[in-house]
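Engineer: Here you go, one structure.
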Amino acid sequence: MTAILEVDQLVKKYGNFAAVDGVSFTVDEGEIFGLLGPNGAGKTNTISMLTGVIPPTSGTARIAGHDLVKDREKVKQINGLVPQDLALYPTLSARNNLTFFGRIYGLRGKQLQQRVDEVLEIVALTERANQAVEKYSGGMKRRVNIAAGLLHQPRLLFLDEPTVGVDPQSRNQIFDSVLKLNREQGMSVVYTSHYMEEVEFLCNRVAIIDQGKIVALDTIKNLIAMLGGGVIRVGLSAADPNLLAEIAVLPGVKSAILAPSAPPPAAPAPPAAAKGKAAATKTVSAGQASGLEAPSPEATPPKSQVVKVECENSEQALISLVTYLAHKDLAILSLEILEPNLESVFLHLTGKKLRE
C-alpha cells in the first residue's frame, strides 16, 4: 500500500531539550492512524512539525511525495489540521467563520459557499449554521473546528484531541464524520486522543510516543497480543530483588518488576459508539483475593511499592501470587488485574496514565 506520510528521524529541540527525539513512522493512504502518549510526550510537537506550524530541528518527512521543508506550501495544501485549541470567532456564526477560513485557503464565490455547505453537512450543523458560535455547546464548537480543517479538501487530516470536553452526542457525531471521510472519500487521518476507547474504535495501527520517542508501533491486535496473559499490579510495603525473582518463577507468571508508578484510577467511560470495545480492567481488593479484608487501591500508602507481574495465564498467576504472598506473610495493600487491551499495553510500555 502507498504511504501518504513518511516520517524519518524527526527531531524538535528547545535548547538542549528534545521534545521530539528521532521519531519515524509511516501512514498509508486511506488509513486512520493513532498517535498516543501522555501529556508532554511529543505528540503535538510532532503534528505541529508535520503540518508546517513549527520547523523541525532535524530529520525529514514526505507527505504525498513532497518534502516537508522544501515543498512547504504544497504540503499545506495536502494537509488539514484540527488543533486542540478552538480557533473560532465567537461572535460570528458557524457559516461566517467557515467563509472567513475558506477565503484564507483561497476559495471564492460559488466554490466557497458550496464547500461551506458541504462541511457543515459533514459535521451535522446545517440547521444551526447561522447562529453565533458563542451560543454553541462545547461539542458543537469542536465540530465547527473540524469543519474548518476540511474546507480545502485535504488528503491527510491531523486531528489533535478533537473530542476533549465534548458531550457524548457530539463525540459520536465526530466519530461518524471521521469514518465517513475515511470510507467515502478515502481521507487519511492521524488521530490523537486521551481516550483509549476512541483509538480502539477508529484506528487499525497505533504508535505510542513517550519522552519524545516512539516506544511501540503496530496494529492494535498485535500490541495487545504482546502482553499475552495480561498484567497484575500488586502493592506491597516493600519489594526487593530476591522477592521479584521468586515471584517471576511462580506458576502462570512470565516476569516481575517494580512498576514506575502507583496503579491508575479507572479509565473514563467509553463513548457510546465504542461500547463493547472498552478496556477490560478489573480491580479487586486483597480481601477478595485471599479471603481477608484489605485496603482499597486508593488507600495504598504513598511509600508502598507496586510490583508489575506479567502473566502467561492471569488466573493461574493470581492464585499462585496470592498464595505465595500469604505464605511469606506479606500484606497486600492493593491488587489490580489488567486484562490485555490497549490501556494495559500503554501502561506497560510507559508506566503512566494517558493523561499524565
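The values are calculated or read from the model by the stated rules, or taken from the named source; none is laboratory data. Not measured: the values here are computed from a predicted model. A quick note on method: Cβ atoms are made from the backbone with ideal geometry, for glycine too, and the neighbour counts reach across all protein chains shown.
Engineer: I'm trying to understand the selection: among the residues of segment 59-88, which are part of a loop (DSSP other than H, G, I, E, B) and more than 18 Å from Val27 (Cα to Cα)?
Structural biologist: Looking only at segment 59-88, we keep the residues that are part of a loop (DSSP other than H, G, I, E, B), and these are 64-65, 68-71, 83-88.
Val69, Lys70, Asp71, Pro83, Gln84, Asp85, Leu86, Ala87, Leu88 - these are the residues of segment 59-88 that are part of a loop (DSSP other than H, G, I, E, B) and more than 18 Å from Val27 (Cα to Cα).
Engineer: Right, next: Please find, within segment 129-144, the residue that is surrounded by the fewest Cβ atoms within 10 Å (Cβ to Cβ) out of those that are in contact with a strand residue (DSSP E or B) (Cβ under 9 Å, 6 or more places away or on another chain) and in a helix (DSSP H, G or I). Full working, then the answer.
Structural biologist: Residues of segment 129-144 that are in contact with a strand residue (DSSP E or B) (Cβ under 9 Å, 6 or more places away or on another chain), as a first pass: 129-133, 142.
Narrowing the set further to residues that are in a helix (DSSP H, G or I) leaves 133, 142.
Details: Val133: 20, Arg142: 26.
Result: Val133.
Engineer: How many of the residues making up segment 114-173 are among the aliphatic types (A, V, I, L, M) and at pLDDT below 90?
Structural biologist: Taking segment 114-173 and keeping what is among the aliphatic types (A, V, I, L, M), we get 116, 119-120, 122-125, 129, 132-133, 140, 144, 146-148, 150-151, 156-157, 159, 164, 166.
Cutting the leftovers down to at pLDDT below 90 gives us 164, 166.
Number of matching residues: 2.
Engineer: While we're on this one: Condition test on Glu336, is it modelled with pLDDT of 50 or more and acidic (Asp, Glu)?
Structural biologist: On the way: modelled with pLDDT of 50 or more: yes; acidic (Asp, Glu): yes.
Here the answer is yes, as Glu336 does meet what is asked.
Engineer: Now for a separate question. Tell me the residue from Ile32, Ile63 that is buried (at least 16 other Cβ atoms within 10 Å of the Cβ), within 30 Å of Glu127 (Cβ to Cβ), β-branched (Val, Ile, Thr) and at pLDDT 95 or above, please.
Structural biologist: Values: Ile63 fails: within 30 Å of Glu127 (Cβ to Cβ).
Going through Ile32, Ile63 in turn, the sole match is Ile32.
Engineer: How many of the residues making up segment 83-102 are exposed (fewer than 13 other Cβ atoms within 10 Å of the Cβ) and either closer than 23 Å to Leu179 by Cα or not assigned by TED's automatic domain parsing to the domain that holds Arg183 (or both)?
Structural biologist: Let us first name the residues in segment 83-102 that are exposed (fewer than 13 other Cβ atoms within 10 Å of the Cβ), namely 85, 90-91.
So of that shortlist, the ones also either closer than 23 Å to Leu179 by Cα or not assigned by TED's automatic domain parsing to the domain that holds Arg183 (or both) come out as 85.
Counting residues in segment 83-102 that are exposed (fewer than 13 other Cβ atoms within 10 Å of the Cβ) and either closer than 23 Å to Leu179 by Cα or not assigned by TED's automatic domain parsing to the domain that holds Arg183 (or both) gives 1.
Engineer: Just for segment 315-337: of the residues that are small (Gly, Ala, Ser) and crowded, with 22+ Cβ neighbours inside 10 Å, which one is nearest to the chain's Cα centre (by Cα)? Even if it seems obvious, please write down each step before you answer.
Structural biologist: Kept after step one, since they are small (Gly, Ala, Ser), are these residues of segment 315-337: 317, 320, 326, 331, 334.
Among the residues that remain, those that are also crowded, with 22+ Cβ neighbours inside 10 Å are: 317, 334.
On the way: Ala317: 30, Ser334: 27 Å.
Going through the qualifying residues, I end up with Ser334.
Engineer: Has segment 39-52 got at least one residue that is in a helix (DSSP H, G or I), among the charged types (D, E, K, R), within 17 Å of Tyr191 (Cβ to Cβ) and in contact with a strand residue (DSSP E or B) (Cβ under 8 Å, 6 or more places away or on another chain)?
Structural biologist: If we filter segment 39-52 for residues that are in a helix (DSSP H, G or I), which is where we start, we get 43-50.
Now restrict to residues that are among the charged types (D, E, K, R): 43.
In the following step, the residues that additionally are within 17 Å of Tyr191 (Cβ to Cβ) were identified as 43.
Imposing the further condition that a residue be in contact with a strand residue (DSSP E or B) (Cβ under 8 Å, 6 or more places away or on another chain) reduces the set to 43.
Within segment 39-52, one or more residues are in a helix (DSSP H, G or I), among the charged types (D, E, K, R), within 17 Å of Tyr191 (Cβ to Cβ) and in contact with a strand residue (DSSP E or B) (Cβ under 8 Å, 6 or more places away or on another chain).
Engineer: So Pro56 passes all but one of these: (1) surrounded by fewer than 19 Cβ atoms within 10 Å (Cβ to Cβ); (2) assigned to a loop (DSSP other than H, G, I, E, B); (3) not basic (Lys, Arg). Which condition number does it fail?
Structural biologist: (1)
Engineer: Just to be sure, is Tyr105 more than 19 Å from Ser193 (Cα to Cα), surrounded by fewer than 21 Cβ atoms within 10 Å (Cβ to Cβ), touching a His at 6+ places or on another chain (Cβ under 7 Å) and of a type outside the set (D, E, K, R)? Before you say what the answer is, go through the steps one by one.
Structural biologist: On the way: more than 19 Å from Ser193 (Cα to Cα): yes; surrounded by fewer than 21 Cβ atoms within 10 Å (Cβ to Cβ): yes; touching a His at 6+ places or on another chain (Cβ under 7 Å): yes; of a type outside the set (D, E, K, R): yes.
Here the answer is yes, as Tyr105 does meet what is asked.
Engineer: Could you look through segment 1-29, keep only residues that are among the charged types (D, E, K, R) and surrounded by fewer than 20 Cβ atoms within 10 Å (Cβ to Cβ), and pick out the one that is farthest from the chain's Cα centre (by Cα)?
Structural biologist: Quick first cut of segment 1-29, residues among the charged types (D, E, K, R) only: 6, 8, 12-13, 21, 28-29.
Of the ones still in play, those that are also surrounded by fewer than 20 Cβ atoms within 10 Å (Cβ to Cβ) are 6, 8, 13, 21, 28-29.
Details: Glu6: 20, Asp8: 21, Lys13: 23, Asp21: 19, Asp28: 18, Glu29: 20 Å.
That would be Lys13.
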